[in-house]
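*Asks:* Sharing a structure, written as structure tokens. Questions coming.
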Amino acid sequence: MIQILDVSLPIISFVLFSLLTIPVVKAIRKRKSKTTVLTLGWFSIVFSIAAVPVANLTIKYYEQPSPQPFLNITLASEPFTIFSSTFMIDAISIYMAIVFTAVGAVTFLYSIFYIDLSERPSERYYSVMLMIIGCIIGVAFSGDLLTLFIFWEAAAAGSSFLMLYHKTPKSLHATLKYLVMIIIASAFIVYGLSIVYGITGTLNFWAVRQALTVLEDKHLLVTAFIFIAAGYAIEAAVVPFHMWLPDAYTAAPASSSAFLSALIDQGSYYVLLRVFIYILTPPTVLDWVIMLAVFSALTMIVGNLLALAQNNVKRLIANVCIADVGYNLVAITSVTPLGIMGNLYFFLVGGITTAVSFMAVGILNRMGFETLEDFSGIGRKMPFTSLALLLSAFSFAGVPPLAGFIAKYLVFTSAIEANMGWLAVIGVLTSIIQAAYLLRLINYMYAKTPQEETKIKEPKKLLVPIFILVAVIILLGVYPTIVLNLIEPVIQQLPFIP
Amino acid sequence: MQNMLLLTLLLPTLGVPFVYLTGKKSAKAAAILVALIAIADIALLSTTVPIVLDAATEHKYVESYYWIPILGSSFTLFVDGISLSMAIITLILILTAALFSVNYMQEKKGLAEYYALLTLLSIGLVGVFITSNLMLFYFCWELMLVPTYFIIGGWGYREPYRAAFKFFIFTHAGAVFVLLGIGAIFMVTGDLDMFQAQTALMTAQPELVKWILLSLTAGFAVKMAVVPVHMWLPDAHSEAPAPMSALLSGVIIGAGAYAIFRVSLGTVFPAVMATDFGNQFLHGLAVFGVISAFFGSLIALVENDIKRVIAYSSIAHMGYVLFGLSLFPFQEAMAGTALHLVNHAVSKGLFFLSAGAVMKQLGIRDIREMGGLAGQMPVTATSSITAALSIAGVPPFACFISEFLIFVGAFQAINSDGFYVLPTVLMLVATVLSLAYALRYIRHIFLGPTKLKKAEEVPFFMKLAMVILVVFVIVLGIWPTFFLDLITTVSFG
């Protein structure tokens, strides 16, 4: 039987370690010798201990005699439901927790090497990262809209710190933009939540869902969900609310961009999935499919066209993130098991791929290469970093046997299945654009001759996490069954399946 | 042994790092290793020949492994007569390309990467032909793309990456439409096995099947370089290094034709065959075939760049193949088309290799500046003339027999469908054009007065590669029985 402790322990352990990290890292810094090894040791302890409760929860969930669709675990006593906070454990939240922990660990490894330990506030940086992983796992476990909102905003606020770490004028500007956007977004969401609570008397996913099916007057409901959806759409960077993302990810240190694109971006799709699929299905309750389809088409087109026009490589990758939002939305829009499967697969793969490219670009940026012209001939000067960037670019473009291919295949197929062939065609056409600008990048890297031929020494330590993720991209491309088997239980629990 | 086909794919896969490491020490050894892998693969594939020829096994040989059950895909490796012929001929071309490269690429840099990419390419190329699972098919289909891109770009002529870029974007754009079609097939049938899907599609909604068919065929046609989506071909083929051109023109565009044959016509088409749309579709193929044949031949007739002449002749020949495919399901025409893919692969491979030999020895590529090379480079001249005549459809060289079979099929089709009268006549005219450009090519380069100072005959390995293919072109012309026997085990329609 799963207890409240089992559920909260993953979150608590991350938060606890986050607090402990500050004194520990400070102590390590004082020793002045073997600092890297000690830091590595500390964080491997952190992650191996934090992984235990996640594993424990997974095992407990799957060893239940009769698979329950979901498990509601409430924190407060019955009469005060207004203050109650609920965790909901189902296959999807467990999947997300595993993904967040695993991907978080690898991107964390990169940050340890990327953010110089001797720098003053680096301990805070690590601490905030751990805090964000904890919060985002909290998002995955949330069982009601309010808990979801609280954890999500905590994670979003934390990410602004990661963006601001270097405190350059550009990053200040970008973070300010981001903060303004998320504050507007949270205002929208809270407003929407209050209406939902007003008309249904609850915020729990399943309770709201049931209340909605018997609701007669839907006018207020439409307003409420427009607010909620708009709020989360801002945070997921759906066009036309995407403007903050390229700025923020370009100005942030590469380790932050990699971490945020792998966790926060994917988390935002998860939130959209929860709201749309787990509350508002079947779509007859509220006809949102066409609206979302239009937005996803817009996001794919605008994201890819913006990327096509970019000259700064980091910004180009940031725009690929926007395009990815569009592909994820296509999957949500389809409201089919296949689409959700594609979406969950895309979470993981898209997150890993953007993380790899941000990491590789981070190394190159350090060497002073920023624009496409700077990248000329980098393939010969820094073969390993370029190889990683090359493979992630091909994965984005959907070239098998890399993981991005399976993700795109699932997404397009689900669009056809949902009778939205036009959306699939837009997806295909935009992915040709995507292949074009990614290939342009590759062309610069391999075809152009550099101004000077000297080889540059590549930072081996930074390449380790990159190549771990590259190996995952290849493995998941060749043999996707590993992850698809994890996703399969989710598909059987989908609420719109009779 | 039950894992022959799996081994056929595993051998080059595991071979890639070895080829790379060998190449770091000695490029020649790497080339020979690639050739040895190809020979071993041919040996592995030939063990399935008796099984395919045996009627008791329904002329098929299948291996199936666990892969992605949720997506209706297992790792199914499959050969029948046609796919076996294509796979064998592909490996023969890879073998000769590797041997040819020993001397041809001698003074180039980064040969370890080159040979590793060539090995990687061979996985995709062979894989396309020996699978019946659409997902695996698509994997291999795209696996051809990346190595080709880097080989053209890294070791090509003039502005190689420009040509490679064009190649990649065009064929990848085609491929995503293929992907759309495959996705739709999965959605309709829940299975990605070509044969299961075929049965399941028979009961599907015809309107949807129509779109699947069009999307797939359009995608494949890009790889096949049918006019008007041929634009990538002349650049890619002429800027690539000669061994790569031989593979591109020999088997990569052939794979496009094979895919139309196997997937469009084999899997999807039967579901709409009886409808009006089915007829229109076939007529459409015939029209595009005639256009391609004329377009390619006419430009080959006026082109002066040695490799572009051959590149345009490839477009013309894909026109023949497409015309042949439009005659579905006439047995002679289908067998002829499949045989033409084999014959064209060998002849065109030889053609490009010999052109590469000329280019390498002379250092120029304008055929008007050449002349009288027959006396100076006898082996190259013999190979070029053999290839040119085969491409022109002159007996006793390979392509004659297959073109003849296609026309036999065309005349049968005329009996039942009056539409085919005009295309058939036009195709016959195109054959004359192909003879014209072949003779022009020979006259300009090998006959007439010597315009250049003494040119030397090519070194040993280039000679060896060309001689192997000359033997094949002639033997296949005189005795096509081996491949014809294999191909006719497949029944159509």
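*Asks:* In square nanometres and to one decimal, what's the mean projected area of the convex hull around the Cα atoms of the range B:29-87?
*Replies:* So the Cα hull casts an average projection of 5.5 nm².
*Asks:* Obtain the radius of gyration and the Kirkwood radius of the range B:241-370 from its C-alpha atoms and give Rg over Rh.
*Replies:* Rg/Rh for the range B:241-370 comes to 1.07.
*Asks:* Which residue, A:F412, A:A355, A:V464, has the largest displacement toward the positive end of the dipole of the range A:339-498 when charges sit on each Cβ (Lys, Arg +1; Asp, Glu -1)?
*Replies:* A:V464
*Asks:* Related question: For the range B:275-493, what mean projected area does the convex hull of the alpha carbons give, in nm²?
*Replies:* Orientation-averaged projected area of the Cα hull: 11.6 nm².
*Asks:* Which of the aspartates and glutamates could a cross-linker bridge to B:K60, judged by Cα under 13 Å and excluding same-chain residues fewer than eight apart?
*Replies:* Within the straight-line cut-off, B:K60 pairs with B:D80.
*Asks:* While we're looking at this one, here's another question. Compute the orientation-averaged projected area for chain B from the convex hull of its Cα atoms and round it to one decimal in nm².
*Replies:* Result: a mean projected hull area of 20.7 nm².
*Asks:* Peptide A:474-480: average number of partner chain Cβ atoms within 10 Å per residue?
*Replies:* 2
*Asks:* While we're looking at this one, here's another question. Give the cross-link partners of B:K28 among the aspartates and glutamates, using a straight C-alpha distance below 17 Å as the criterion and excluding same-chain residues fewer than 8 apart.
*Replies:* Candidates past the 8-residue exclusion: B:E107, B:E113.
*Asks:* Also, I was wondering about something else. Of B:K348/B:K454; B:K24/B:K109; A:K177/A:K408, which ones are farther than 21 Å apart at the Cα?
*Replies:* Result: B:K348/B:K454; A:K177/A:K408 exceed 21 Å.
*Asks:* Give the residue from A:A403, A:F295, A:I317 lying farthest towards the positive end of the charge dipole for the range A:288-498; charges sit on Cβ (+1 for Lys and Arg, -1 for Asp and Glu) and the dipole is referred to the Cα centre.
*Replies:* Looking along the dipole axis, the top candidate is A:I317.
*Asks:* To continue, here is another question. For B:V263, B:V227, what ranking results if the residue with the fewest other Cβ atoms within 10 Å of its Cβ goes first?
*Replies:* Fewest to most other Cβ atoms nearby, the residues stand as B:V227, B:V263.
*Asks:* Taking other Cβ within 10 Å of each residue's Cβ, how do B:L33, B:L71, B:L339 sort, fewest first?
*Replies:* Taking fewest neighbouring Cβ atoms as first place, the list is B:L33, B:L71, B:L339.
*Asks:* Here's something else I'd like to know. Please go through the residue pairs A:K32/A:K461; A:K170/A:K461; A:K461/B:K108; A:K30/A:K455; A:K460/B:K166; B:K307/B:K451 and name each one whose alpha carbons sit more than 24 Å apart in this structure.
*Replies:* A:K170/A:K461; A:K461/B:K108; A:K30/A:K455; A:K460/B:K166
*Asks:* For chain A, what D do you get in µm² per second when you plug the Kirkwood radius from alpha-carbon pairs into Stokes-Einstein at 37 °C and 0.692 mPa s?
*Replies:* 144
*Asks:* If you place +1 on the Cβ of every Lys and Arg and -1 on the Cβ of every Asp and Glu, how big does the dipole about the Cα centre of the range B:275-493 come out, in debye to the nearest 20?
*Replies:* 920
*Asks:* Rank A:G377, A:L494, A:V483 by how far each Cα sits towards the positive end of the charge dipole of the range A:353-498 (+1 on Lys, Arg Cβ; -1 on Asp, Glu Cβ) and give me just the farthest.
*Replies:* Value computed over the given set: A:G377.
*Asks:* Can you give me the pair-distance distribution of the range A:288-498, C-alpha pairs, 10 Å bins, whole percents?
*Replies:* Distribution as computed: 9, 35, 33, 17, 6, 1, 0 percent.
*Asks:* Restricting to Cα pairs below 8 Å that are 6+ residues apart, what does the relative contact order work out to for chain A? Please round to a whole percent.
*Replies:* 14
*Asks:* Among A:326-336, A:230-240, A:33-43, B:380-390, what's the highest-first ranking by average C-beta atoms within 10 angstrom per residue?
*Replies:* Peptide ranking by packing, descending: A:326-336, B:380-390, A:230-240, A:33-43.
*Asks:* Between A:S194 and A:L176, what is the label-to-label distance in nm when each label sits 7 Å out along the Cα-to-Cβ direction?
*Replies:* Taking the simple label geometry, A:S194 and A:L176 are separated by 2.9 nm.
*Asks:* May I ask for the net charge around B:F75, where only other residues with Cβ less than 14 Å from the Cβ of B:F75 are counted and Lys, Arg are +1 while Asp, Glu are -1?
*Replies:* -2
*Asks:* With charges only on Cβ, +1 for K and R and -1 for D and E, what is the dipole size of the range A:319-447 about its Cα centre, in debye, rounded to 20?
*Replies:* Dipole about the Cα centre, nearest 20: 240 debye.
*Asks:* Another one. Could you put B:C140, B:C399 in order, starting from the residue whose Cβ has the fewest other Cβ atoms within 10 Å?
*Replies:* Least to most surrounded, the residues fall as B:C140, B:C399.
*Asks:* From the gyration tensor of the Cα coordinates in the range B:127-206, what semi-axes in whole Å does the equivalent ellipsoid have, largest first, with each one equal to sqrt(5λ)?
*Replies:* Ellipsoid semi-axes (Å, largest first): 33, 13, 7.
*Asks:* Under the Kirkwood approximation for Rh and a Cα-based Rg, what ratio Rg/Rh is obtained for the range A:274-324?
*Replies:* Taking Rg over the Kirkwood Rh, I get 1.20.
*Asks:* Also, I was wondering about something else. Using only the alpha carbon atoms of the range A:344-389, find the Kirkwood hydrodynamic radius as the inverse mean reciprocal pair distance, in angstroms to one decimal.
*Replies:* This gives a value of 11.2 Å.
*Asks:* Take the alpha carbon atoms of the protein assembly as shown, find their radius of gyration, then divide it by 2.2 N^0.38 Å using N residues; give the quotient.
*Replies:* That ratio works out to 1.00.
*Asks:* How big is the dipole moment of the protein assembly as shown about its Cα centre under a simple scheme where the beta carbon of each Lys and Arg is +1, that of each Asp and Glu is -1, and everything else is neutral? Debye, nearest 20, please.
*Replies:* My answer is approximately 3400 debye.
Rule-based calculations on the coordinates, nothing more; no lab input. In this text, all values refer to a predicted model and were calculated from it rather than measured experimentally. All Cβ positions, glycine included, derive from the backbone under ideal geometry; neighbour counts span all protein chains shown.
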